[in-house]
1. Step through the residues of the range A:70-85 one at a time and calculate ³J(HN,Hα) from phi using the Karplus curve (6.51 cos²θ - 1.76 cosθ + 1.60, θ = phi - 60°), rounding each to whole Hz and writing x for Gly and Pro.
2. Tell me: how much accessible area in total is hidden between B and A, 1.4 Å probe, Å², nearest 100?
3. When the accessible area of the range B:85-138 is split by element with a 1.4 Å probe, what percent falls to carbon and sulfur?
4. Which of B:LEU109, B:CYS93, B:THR123 sits farthest toward the positive end of the charge dipole of the range B:85-138, with +1 on the Cβ of Lys and Arg and -1 on the Cβ of Asp and Glu?
5. Enter the accessible area of A:ASP38 (Å², nearest 10), with the probe set to 1.4 Å and all protein chains included.
6. For chain B, what is the mean residue ellipticity at 222 nm derived from helices alone (per DSSP H run of n ≥ 4: -39500 (n - 2.57); sum divided by total residues; nearest 500 deg cm²/dmol)?
7. Sort shortest first the distances from A:PRO49 to its counterpart in every other copy, using label points 7 Å along the Cα-to-beta-carbon line, and give them in nm.
8. For A:HIS78, what accessible surface area do you get with a 1.4 Å probe? Give it in Å², rounded to 10.
Protein chains: 2
Amino acid sequence: MNAAHHHHPDPKLSYNQGEILTCLRQAKEPMSAYAILDRVRTAGISHPPTVYRALNDLMQKGMVHRLQSRSAFVACDHGACDGKFAFAICRRCDKVVEIPLSDDDQAGLLGLAPDEISPEKVTLEIAGLCIACRPAETA
Amino acid sequence: MNAAHHHHPDPKLSYNQGEILTCLRQAKEPMSAYAILDRVRTAGISHPPTVYRALNDLMQKGMVHRLQSRSAFVACDHGACDGKFAFAICRRCDKVVEIPLSDDDQAGLLGLAPDEISPEKVTLEIAGLCIACRPAETA
DNA sequence: ATGCGTGATGATATAACATAACAACTATGA
DNA sequence: TCATAGTTGTTATGTTATATCATCACGCAT
Ligand SMILES: [Zn+2]
Ligand SMILES: [Zn+2]
Ligand SMILES: [Zn+2]
Ligand SMILES: [Zn+2]
């Protein structure tokens with residue numbers, strides 16, 4: 001199989017990267033690596049390392065983000081971004097909203113780090129209840 | 001085995017909880033659940049569910065925190081705390097510093113959440129390089 | 001053309017992390 | 001006694017992630 005035979009979301013991506021990014025974009029919700037694997041089997045991708053390789057490459061490019069609190073992956077809402085984002089996640093339905101962080105936001109967060117650790121990267125995830133799940137919570 | 005036969009870090013803790021909290025406090029660094037399991041075998045704890053149960057109980061009490069970005073657990077630096085903390089973590093040596101968050105800090109973080117998700121809990125982990133690892137990085 | 005280096009992918013196996021489900025034991029009090 | 005709640009033990013399994021080596025396609029120098 002060859003890249004030229006398929007539509008790619010970005011010409012710089014390899015075949016596997018393109019398939020997996022497309023899968024995540026269509027899902028519009030976080031997917032585990034193994035859920036992705038199930039969905040791309042028809043595209044000829046059939047082993048976990050293949051999926052993790054592509055996910056790591058896509059994360060390096062900023063096109064995919066990992067939700068640490070869920071061990072799941074989402075396509076970047078903005079095509080790509082570079083460390084300057086956070087997530088809000090509904091604890092009930094797993095809906096995810098990507099939050100762009102301003103430079104000030106970033107600086108403020110990095111400023112929380114103590115002197116003995118010079119900060120480089122911030123992981124911020126805010127869990128809560130989305131508007132659709134709020135009624136269901138009054139049980 | 002019975003709690004009365006052992007010194008406990010807190011009388012309200014069960015035997016298993018006490019052993020595992022003591023283990024984490026002695027380590028002073030993050031430990032995976034399975035690393036804890038190895039260390040408490042001599043105390044009669046020998047199965048993963050036992051460790052995870054105690055860890056979950058201790059986390060509920062705020063006496064143990066989980067580092068999402070490492071799948072590891074640390075004893076709270078302050079005995080116990082209640083959601084109002086962050087971590088700075090050295091990406092090279094895994095040194096961890098717990099950062100207490102002021103009410104203002106918390107409010108600021110929760111304020112980043114979009115309208116459609118009402119925020120409840122914030123997970124903030126800042127990765128960087130600790131002072132001891134800075135020389136080693138110039139490779 | 002031949003051979004080489006590089007990057008991407010394929011494939012096997014295993015490691016590391018976490019939980020479901022059920023059984024057993026203790027303590028407490030009706 | 002009996003029921004109840006709390007804790008722990010045990011087996012089995014599910015889920016997430018990586019190490020390692022093999023293979024393939026391509027560009028390029030000889
Ligand atoms: Zn993004
Ligand atoms: Zn929701
Ligand atoms: Zn704490
Ligand atoms: Zn360090």
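1. Result, ordered by residue: 10, 6, 9, 10, 9, 6, 4, 5, 10, x, 7, 8, 10, x, 9, 7 Hz.
2. In total, chains B and A hide about 2700 Å² from solvent.
3. 53 percent
4. B:CYS93
5. Counting only protein heavy atoms, the figure is 100 Å².
6. Estimated from H runs of four or more residues: -9500 deg cm²/dmol.
7. From this label point to the equivalent ones elsewhere in the assembly: 3.4 nm.
8. Surface accessible to solvent at A:HIS78 totals approximately 100 Å².
The values are calculated or read from the model by the stated rules, or taken from the named source; none is laboratory data. All values derive from a computational prediction rather than experimental measurement. FYI the Cβ positions are ideal-geometry reconstructions off the backbone, even for glycines, and counts take in every protein chain you see. Ligands, DNA and RNA are excluded from the accessible area calculation, which covers all protein heavy atoms including side chains. Shrake-Rupley method; radii C 1.70, N 1.55, O 1.52, S 1.80 Å.
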